[in-house]
1. Might you let me know whether the stretch 181-193 holds any residue that is more than 30 Å from Glu309 (Cα to Cα), in contact with a Pro (Cβ under 7 Å, 6 or more places away or on another chain) and surrounded by fewer than 22 Cβ atoms within 10 Å (Cβ to Cβ)?
2. When the residues of the stretch 290-330 are narrowed to those that are under 17 Å from Met265 (Cβ atoms) and touching an Asp or Glu at 6+ places or on another chain (Cβ under 8 Å), which ends up surrounded by the fewest Cβ atoms within 10 Å (Cβ to Cβ)?
3. So which residues in the stretch 492-524 are modelled with pLDDT of 90 or more and crowded, with 17+ Cβ neighbours inside 10 Å, if there are any at all?
4. Within the bounds of the stretch 266-287, is there any residue that is surrounded by fewer than 20 Cβ atoms within 10 Å (Cβ to Cβ), in a loop (DSSP other than H, G, I, E, B) and among the basic types (Lys, Arg)?
5. Taking the criterion of being closer than 27 Å to Ile325 by Cα, without any contact (Cβ under 8 Å) to a residue 24 or more places away in the chain and assigned by TED's automatic domain parsing to the domain that holds Asn295, would at least one residue in the stretch 62-70 satisfy it?
6. Which of (1) touching a helix residue (DSSP H, G or I) at 6+ places or on another chain (Cβ under 9 Å); (2) over 30 Å from Glu420 (Cβ atoms); (3) in a loop (DSSP other than H, G, I, E, B) does Ile301 not meet, given it meets every other one?
7. Based on what the data block shows, is Lys238 free of Cβ contacts under 8 Å to residues at least 40 places away in the same chain, part of a helix (DSSP H, G or I) and in the same structural domain as Lys127 (by TED's automatic domain parsing)?
8. If only one of Gly109, Gly150 is touching a strand residue (DSSP E or B) at 6+ places or on another chain (Cβ under 7 Å), in the same structural domain as Lys234 (by TED's automatic domain parsing) and either crowded, with 18+ Cβ neighbours inside 10 Å or within 24 Å of Gly63 (Cβ to Cβ) (or both), which one is it?
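The values are calculated or read from the model by the stated rules, or taken from the named source; none is laboratory data. Predicted, not measured: the structure shown is a model, and the values here were computed from it. All Cβ positions, even for glycine, are placed from backbone atoms using ideal geometry, and neighbour counts span all protein chains on display.
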Amino acid sequence: MKFFINKPDNVVNESIEGLLTDPKLTKLDTFPEVRVVTRKEIDKSKVAIISGGGSGHEPMHAGFVAKGMLTAAVCGDIFASPSVDAVLAAILAVSGEKGCLLVIKNYTGDRLNFGLAAEQARALGHKVETVIVGDDIALGEDTQQRGLAGTLLVHKVAGQLAEEGKSLEEVTKAAKKVAKSAISIGLSLSEGQKFNNPEESRLDKSEAELGLGIHGEPGVDVIKMDEADALVKKAVDKLEEYLPDEKKDYVLLFNNLGSVTPLEMNLLVHSFDKTDISGKVKYMVGPTAMTTSLNMNGFSITLLKLDEEIEKALLEKTDTPEWRIRAYAKPSSTKSPELPKTMQFEPSENKKHQKIVESIADYLIEMEKEMNDLDEKVGDGDAGSTFAAAGKKFKKISSELPYASLHKLFTTIGRVLARETGGSSGVLLSMLFTKAGSSLEDDENIGKALLSGLEKMKSYGGAEQGDRTMIDAMQPAFEALSDGKSVKEAAEAARKGADETANITNTSAGRSSYLSESSLEGIPDPGAEMVARVFEKLVDIV
């Protein structure tokens, strides 16, 4: 696995330096031996909130150092607790007469090092309280529950109450209430990979893990890989075992454990929304990466029962952009404006035209895999699927097309392509056929009509003949038809143009202009190849 790093040993230090480009943050000058990130402006007349732990969970903890959240964060090595001296330095640096609260995730190293630092600070005359967060319910409540993303809810509530000037006793009481009530469960398809020791996943493609921590430890259960709905339901079912029966409002924290794409995160929220428990959710934090496990391909779900104090504290603004909370609502829709009808003409008969449309549609579907494979070499691998989708649509609506009029048929084809075919090629072909259709009202020369459509397509697309696009096959074929030549001659011209694209490696427009010459050499443009094959098929049909 490849990473964007310099040297593995410097990852944490350099990451913190990158974070400190935020002008509201600073670090203790004992860095990097002691990694403590603090707010640049600290009001020591208020309770300080300090948290931290091993790195690799970014943006937690240092990413939440902000007004209304943490006063300071103490950063250890990857998945390793910071030293006692580092925690003590943070306490001494940011605490005033009102004292400080240490928010500690329930891991042995964190409990020991933060706990001993607290004792040393007390011996020096500082007021220090601690709260242990163990929101993980994977192993039940009778075990030492691990601290997961629920820790952030403690940060936010404690930080806000401290900002309001509450006493250390009041802040600690509220923090412990949140820590006691928050429950979390994690589910992943892989473990996070360390920078200096990447490993093969312990899971194969058919497996996932439920109930895992954030340090690469195995999950409680290895479960069968399944669709998103089923996986989310397994996680939610586990959480529901620990929810009280009363109908209370909850805040949901939907956390990305590292490498789940934003697209998938929203999909996972949709899966959650299908569960019964979603009806109890009033607010959602996320969905985004907030407590990660390096690049773990997984998510965690946290639920916290709301009361007036917790709700108010969670909703107050904080300076960090990492905190995102919003109301949770069921998906809704509004009435769409009525678009012009795709099929604006009455169906009409012309057996020859119908045979051409249906045969080409079948051929586009037939070529899907082969064209995708070709496109994979020089593009995104979906050219065949794009044209096949158009073929399937035209087969479906074949009986509705106005075959008797080429003007109406071409215009309709243009409208269908605009509505039903994705990608730039669909839009460009829509322009071509729409313009060709209007041209056929005045002149029945199909070649000239297609050339006029091609000019319209080129004016929007920006490519010209020689730029290694489908134009290289279209233009010579359309010119042949415009000059009164046969379909066979047009097909030969298209084939010659398509074959020549394999020798074009330097272009100024079209998608090939983004690719290196070596990646293009010897490979024909998929769009041009598709056009040439369609013309060759036409020879057989007509």
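1. The first filter runs over the stretch 181-193 and keeps only residues more than 30 Å from Glu309 (Cα to Cα), leaving 187-193.
Okay, now just the ones that are also in contact with a Pro (Cβ under 7 Å, 6 or more places away or on another chain), so none.
No.
2. The selected residue is Thr292.
3. First, pick out the residues of the stretch 492-524 that are modelled with pLDDT of 90 or more: 492-501.
Within the stretch 492-524, Glu492, Ala493, Ala494, Arg495, Gly497, Ala498, Glu500, Thr501 qualify.
4. The answer is yes; a qualifying residue exists.
5. Of the residues in the stretch 62-70, the ones closer than 27 Å to Ile325 by Cα are 62-70.
Still in the list and also without any contact (Cβ under 8 Å) to a residue 24 or more places away in the chain: none.
Checked the stretch 62-70: no residue is closer than 27 Å to Ile325 by Cα, without any contact (Cβ under 8 Å) to a residue 24 or more places away in the chain and assigned by TED's automatic domain parsing to the domain that holds Asn295.
6. (3)
7. Values: free of Cβ contacts under 8 Å to residues at least 40 places away in the same chain: no; part of a helix (DSSP H, G or I): yes; in the same structural domain as Lys127 (by TED's automatic domain parsing): yes.
Taking the combined requirement at face value, the residue does not satisfy it.
8. On the way: Gly109 fails: touching a strand residue (DSSP E or B) at 6+ places or on another chain (Cβ under 7 Å).
None of the other options fit; the residue is Gly150.
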